[in-house]
There are 2 protein chains.
Amino acid sequence: MKDKPESNSHSKVPAVPGPTNPMVTPLLNDLYQFTMSYAYWRAGKHQEHAVFDLYFRKNPFGGEYTVFAGLDECIRFIANFKLTEDDICFIRKTLPPSCEDGFFEYLRGIDCSDVEVHAITEGSVVFPKVPLLRIEGPVAVVQLLETPFVNLVNYASLVTTNAARHRFVAGKSKLLLEFGLRRAQGPDGGIGASKYCYMGGFDATSNVAAGKLFGIPLRGTHSHAFVSSFMSPEEIVHKPLCSFDGSTTCEDFVALVQSWLEKIQRSKLLSVGDTNQSELAAFTSYALAFPNDFLALVDTYDVARSGVPNFCAVALALHELGYKAAGIRLDSGDLAYLSGEARKIFCQVEKEFKVAGFGKMTITASNDLNEETLEALNKQGHEVDTFGIGTYLVTCYAQAALGCVFKLVEIKNQPRIKLSEDVSKVSIPCKKRSYRLYGKEGYPLVDIITGENEPSPKVGERILCRHPFIESKRAYVVPQHVEELLKCYWPGASGKQREELPSLGDIRDRCIKQLEQMRPDHMRKLNPTPYKVSVSTRLYEFIHSLWLNEAPVGELQ
Amino acid sequence: MKDKPESNSHSKVPAVPGPTNPMVTPLLNDLYQFTMSYAYWRAGKHQEHAVFDLYFRKNPFGGEYTVFAGLDECIRFIANFKLTEDDICFIRKTLPPSCEDGFFEYLRGIDCSDVEVHAITEGSVVFPKVPLLRIEGPVAVVQLLETPFVNLVNYASLVTTNAARHRFVAGKSKLLLEFGLRRAQGPDGGIGASKYCYMGGFDATSNVAAGKLFGIPLRGTHSHAFVSSFMSPEEIVHKPLCSFDGSTTCEDFVALVQSWLEKIQRSKLLSVGDTNQSELAAFTSYALAFPNDFLALVDTYDVARSGVPNFCAVALALHELGYKAAGIRLDSGDLAYLSGEARKIFCQVEKEFKVAGFGKMTITASNDLNEETLEALNKQGHEVDTFGIGTYLVTCYAQAALGCVFKLVEIKNQPRIKLSEDVSKVSIPCKKRSYRLYGKEGYPLVDIITGENEPSPKVGERILCRHPFIESKRAYVVPQHVEELLKCYWPGASGKQREELPSLGDIRDRCIKQLEQMRPDHMRKLNPTPYKVSVSTRLYEFIHSLWLNEAPVGELQ
């Protein structure tokens, strides 16, 4: 019944770096994967060839699309899948003492060299029920991949989709910064969020670790604490500042700022009184440290009466020395109104002091933003150029989980189905292929799932696309372009060509392009049209015969 | 202006293990912490002694309490805080090229040996505005702790609170299992969730890595995939099963199960027809693997017509051999109804086949449970003994983030305040102490915050507790017991006694005890009474004088 410990010397596993988070190991798993693995082994079934699909049932955020992400981490995981002695020791201690030793020998030998993974390319727009990954191999090994794969795909896809939705509302012209690290669900939530928000179309992150790990552009200036750490400009000891071109040195930049503040106060246009001296000192200090990158947070005390005038004084002093200030950040209050007021002041300054371009100063906003507030800002009109988005983005406040599942669809060439009284939870059996069919206008029209060995849909040939569960829902399609969705990212022992894992930048580009390619009515926020997912006639008929076969016949009493 | 690189040879840092997640390093930080650190250094301010408070503004989940968690990870982080050469190299590349070399020398030398951390004991019940941690030390170093600390405390406290709320609704007598790994926000979200749900009162987790790391009890049996991986009992090759006491061996357990299924079918009580053979095979196999721990998932096909009768057949066969089956799990459908039906069948079986205790078979339920569904189940009446809770628990669906902040309250002995048009966002200045005052009945009455050097409240002495911002809200209290909340968990160079970090088990015990000690009206789900947080009269007056001083005077136009 039980095999000898496998020799793993046939290992053809290519070198792929390990998971980003070293805590992603085979033990990052639900216990029942190990109890099942033991039960398979005990029954002599552990080597049976099984096919599992990983898919989700419902698009998140009330939308009609999802972006697939997390594949790279899944492949890193299986490429390095190996239980250590320490792991095996722990599992042995955890399982009942009646478990036989041979199983632990078996665990010692397993890796993923016999596992084959097909997947949709990371960064693709995807839809419910269509397998994102198809994983096949010895049932007792593939079973151990369920929890880590679902963990690695669920949040990745969710937050990438969330980022894409924020980008959609903000529009292409705005700069989007991910500022979520401190509110993310744990350290890894933060790092994952930064990676996947970038993938979904954000421009940069504040998260230094993510910048280092993934090469994502970094952004950040200063906080309220920096402002309130200063008392007054008198405490600034080091006052000289070289001009931009290095030709001269202003020996007292603090006095220069002061003189500009007085000019602003004298100019009737702004009607500025006394500004906060702690804030003025902080801005002046920050400019001395970063004369080329002066961006100031202007709402520690009062935006219009203190923050913006103080900013303008420092910016004008920098300007006199040949520098160009970067802009302001607003982190509270009515962002539409305040950004408008700030813009007015910048334009007045441009006019009053004849500083070309001052009116176009960048305004960044960053206070509890989400899709709804971005949309409300768009409706009201605003002057914000850059949005820094944190909590709602990275925690996916509007929908905190994507319900990916991992279902057995075939074992020993026998198709398997999971029934449920809830039809949306019935799984689609068989090892399958799937295709995206494109229409004349270049938009994707429908995804169709077929059995593994059915002929593929052909360009120009009419094909009947059927709803997987509702008989009356079907439509003929004549595709202008056919794209097979599942590609081989981990060939296992199959000898197939292995698809290269694209770089993060390439995945991001793909994601942005795919989103642009969708028909706009699928993408809109309000009442979007569902994108259709279908099965071939042959698969439809097969599903329903299997279903009838497995479901018990009720008895009305 | 700039110091020589610090010599760190005075390092008195005690040995504390590193953060659970090795990705928690000084680079797990917002970029602006480094830009500010540079600006402090450039201004010669970096050594100024600063005091920061970490606190939150609002209890989560619409409740009136929060459980503080994450302290242990914060202390592990600072105890091992050190930038590597590689880190410094990356920061140098990231900051503008104009930044001076001396800063990177400075970074090379810093650690947290000059930082002092006071905190509330982990696992305590806590309230808005009361500092959870008070961190003091050189401003440029403490600034670098903001993001990691807030990240480590935010989700930890949120999910611990969520677990405590689930326990509150489920009641003490139920077993609560955390099943959230696959839906958690990333790998670390999963591991953190398991740790903190246990802290908040859960009994066990499915997460093997968390079991190994933290010694949390593990639970898990099998999934739908296991059931559907079998076709029929005919495929079971290895059929013998030893009796519990080892005295005899049943040579064909499959036939024994079959005979019990026939007895059940013949007994009129259950009106059972043909059950699903794939399911029967899976249960039989699982029992052969785990005869002492037979717990079966009974809803792959049909709970009442297939799953429960199949379970009973296997359980009765086990019973005949002296084993005791562990129970069933329901993962879909109407859990109140199905658990009731299952209980009825178990009781009928007990009576019909005279198996004492069979009616008390454990029923576990695990389908998208949350506080609301637990409450609805309680109202309807149900027969569930154990709840397995995942998605809603670990992602904190009902409130995906706790808004912890980290505010500068004093620098160079000068109190600092952060103003806001939103009064709830105004910070409480000064280095402070805080106390919990208990009443006659043993309940906590009010938390009071005072200045660092004020005399502490005394048992039996009347003290005026004032709302920090609303003049008219105040009350006299005569405490029967006074508990100082902030304890020294990291003495830095202060020479103070360092509070030991309690074990996870001790923190969990503290949490459960503290929750039980609260007055019930603060804890109830519907319209809970807010627990009062107050300041001393002296602190109240100080806040308001500083506020007036810092706020600009408006001008109505």
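Using alpha carbon centroids, what distance separates segment A:25-67 and segment A:408-473, in Å?
With segment A:25-67 and segment A:408-473 each reduced to a Cα centre, they are spaced 21 Å.
Could you state the orientation-averaged shadow area of the convex hull built on the Cα atoms of segment A:246-298, in nm² to one decimal? Before the final figure, lay out each step's value.
Numbers: hull surface 17.9 nm².
Mean orientational projected area (segment A:246-298, Cα hull): 4.5 nm².
With viscosity set to 1.002 mPa s and temperature to 20 °C, compute the Stokes-Einstein D of segment B:1-143, Rh being the Kirkwood radius across alpha carbon pairs; µm²/s, no decimals. List each step's numbers first, then the result.
Working: Rh = 16.6 Å.
So the translational diffusion coefficient is about 129 µm²/s.
Mind jotting down the distance between the C-alpha centroids of segment B:200-242 and segment B:99-135, whole Å?
About 43 Å separates the Cα centre of segment B:99-135 from the one of segment B:200-242.
Taking one equal scatterer on every alpha-carbon of segment A:240-384, how large is log10 of I(q)/I(0) by Debye at q = 0.11 1/Å?
For the requested q values the scattering log ratios are -0.39.
Express the C-alpha Rg of chain A as a ratio against the empirical globular expectation 2.2 N^0.38 Å, rounded to two decimals.
Details: Rg = 29.3 Å, N = 557, 2.2 N^0.38 = 24.3 Å.
That ratio works out to 1.21.
What does the copy distance list look like for residue B:171, label position 7 Å along Cα→Cβ, in nm and ordered from shortest?
Values, ascending and in nm: 5.8.
Pull up the DSSP beta bridges for chain B and report the antiparallel fraction as a percent, rounded to 5.
Working: 41 of 61 bridges.
Of all bridge pairs located within chain B, approximately 65 percent are antiparallel.
Taking the mean number of other Cβ atoms within 10 Å as a proxy for protection, how do you rank A:214-227, A:407-420, A:79-92 from highest to lowest? Show your work: numbers first, answer last.
Values: A:214-227: 22.6, A:407-420: 20.4, A:79-92: 16.5.
Descending mean neighbour count gives A:214-227, A:407-420, A:79-92.
Where in segment B:107-138 does the label zone of residue A:237 land, with the point 7 angstrom along Cα→C-beta and an amide N cut-off under 17 Å?
B:138
Label-to-label distances across copies for residue B:421, with labels 7 Å out along Cα→Cβ, in nm, shortest first?
Reported distances to equivalent positions: 5.3 nm.
Please list the radius of gyration and Dmax for segment B:317-393, considering alpha-carbon atoms only, with Å as the unit.
For segment B:317-393, the Cα radius of gyration and maximum Cα-Cα distance read 13.8, 42 Å.
Expressed in nm to one decimal, what extension gain is obtained for the pair residue B:459 and residue B:503 from 0.36 nm per residue of sequence separation less their Cα-Cα distance? Intermediate values should be presented prior to the final figure.
Details: separation 44, 0.36 × 44 = 15.84 nm, distance 3.06 nm.
Additional length available on full extension: 12.8 nm.
How big is the Kirkwood radius of segment B:111-213, worked out from every pair of different alpha carbons and given in Å to one decimal?
Values: mean 1/r = 0.0653 Å⁻¹.
Kirkwood hydrodynamic radius for segment B:111-213: 15.3 Å.
Quick check on segment A:296-445: of the DSSP beta bridges with both residues there, what percent are antiparallel, nearest 5%? Intermediate results must be reported in sequence, preceding the final value.
Working: 3 of 11 bridges.
Within segment A:296-445, antiparallel bridges account for around 25 percent of the total.
I want to verify the translational diffusion coefficient of segment A:375-462 in µm²/s; compute it with Stokes-Einstein, Rh as the Kirkwood radius over Cα pairs, at 20 °C and 1.002 mPa s. Intermediate values should be presented prior to the final figure.
Numbers: Rh = 18.1 Å.
Estimated diffusion coefficient is 118 µm²/s.
Quickly rank A:372-383, A:22-33, A:532-543 as a protection proxy: mean count of other C-beta atoms within 10 Å, highest first. Could the numbers behind the result be given before it?
Details: A:372-383: 15.7, A:22-33: 23.6, A:532-543: 20.0.
In descending order of packing, they fall as A:22-33, A:532-543, A:372-383.
For peptide B:62-69, how many partner chain Cβ atoms fall within 10 Å of a residue's Cβ, on average?
0
Can you spot the aspartates and glutamates whose alpha carbon is less than 20 Å from residue B:496's alpha carbon? Ignore those fewer than 8 places along the same chain.
Hits, sequence-local ones excluded: B:53, B:72, B:111, B:114, B:116, B:122, B:136, B:452, B:454, B:483, B:484.
Looking at the protein assembly as shown, send over the antiparallel percent of its DSSP beta bridges, to the nearest 5.
Working: 84 of 124 bridges.
Here the antiparallel bridges make up roughly 70 percent for the protein assembly as shown.
Using a ≥ b ≥ c from the Cα gyration tensor of segment B:36-109 (square roots of the eigenvalues), is it rounded, prolate or oblate, where a/c under 1.5 gives rounded and otherwise the larger of a/b and b/c decides, a/b for prolate?
On the way: a/c = 2.58, a/b = 2.11, b/c = 1.23.
Prolate is the answer for segment B:36-109, as a/c is 1.5 or above and a/b outweighs b/c.
Please report the spacing between the Cα centers of segment A:299-362 and segment A:495-556 in Å, no decimals.
With segment A:299-362 and segment A:495-556 each reduced to a Cα centre, they are spaced 49 Å.
Taking segment B:209-268 as the region of interest, what is the percent of Cα-Cα pairs per 10 angstrom bin, listed from the shortest bin to the one with the maximum distance?
16, 26, 33, 19, 5, 0
By a straight-distance test (C-alpha under 23 Å), which lysines pair with residue B:351 as possible cross-link partners, with residues fewer than eight away in the same chain excluded?
List returned: B:263, B:268, B:324, B:360.
Need one value for B:41-52: mean number of C-beta atoms belonging to other chains within 10 Å of its residues' C-beta atoms. Walk me through the numbers before you get to the answer.
Details: counts 1, 6, 13, 5, 7, 0, 0, 2, 0, 3, 0, 1.
Going residue by residue through B:41-52 and averaging, the value is 3.
In a solvent-free Debye calculation with one equal scatterer on each Cα, what is log10 I(q)/I(0) for segment A:467-511 at q = 0.20, 0.22 Å⁻¹, listed in the order of the q values?
Taking Cα atoms of segment A:467-511 as identical point scatterers yields -0.86, -0.89.
D for segment B:149-208, whole µm²/s, Stokes-Einstein with Kirkwood Rh over alpha-carbon pairs at 25 °C and 0.890 mPa s: what number?
Working: Rh = 11.5 Å.
Translational diffusion coefficient: 214 µm²/s.
Sorting check: for B:486-492, A:452-458, B:441-447, A:70-76, which peptide has the highest mean count of neighbouring beta carbons within 10 Å, and how do the rest follow? Walk me through the intermediate numbers first.
Values: B:486-492: 19.9, A:452-458: 12.9, B:441-447: 17.0, A:70-76: 25.6.
Averaged packing, sorted descending, gives the order A:70-76, B:486-492, B:441-447, A:452-458.
For residue B:372, which inter-copy label distances result when the label point lies 7 Å beyond Cα on the Cα-to-Cβ vector, reported in nm to one decimal and in ascending order?
Listed shortest first, these distances are 1.5 nm.
Could you state the principal axis extents of the C-alpha atoms in segment B:63-161, from the largest down, to the nearest angstrom?
Extents along the principal axes, in whole Å: 49, 24, 21.
Give me the log10 of I(q) over I(0) for the protein assembly as shown at q = 0.04, 0.07, 0.08, 0.09 Å⁻¹, as the Debye formula computes it from C-alpha points; what are the numbers?
Scattering profile of the protein assembly as shown, log10 relative to I(0): -0.23, -0.70, -0.90, -1.09.
Could you give the DSSP H helices of chain B that reach 30 angstrom or more along their long axis (alpha carbon positions) and whose average Kyte-Doolittle hydropathy is no lower than -0.5?
Numbers: long enough: B:146-170 (36 Å, 0.21).
Long hydrophobic helices here: B:146-170.
Can you give the calculated 222 nm mean residue ellipticity of the protein assembly as shown, where each DSSP H run of n ≥ 4 adds -39,500 (n - 2.57) and the sum is split over every residue, rounded to the nearest 500 deg cm²/dmol?
Details: 36 runs with 400 residues, N = 1114.
-11000 deg cm²/dmol, from helical runs alone.
Every read-out reported here was derived from the displayed coordinates using simple, explicitly stated rules and does not represent laboratory data. Fair warning: this is a prediction, and the values are worked out from it, not measured in the lab. No Cβ is skipped: glycine too gets one built from the backbone with ideal geometry, and neighbour counts run over all protein chains shown.
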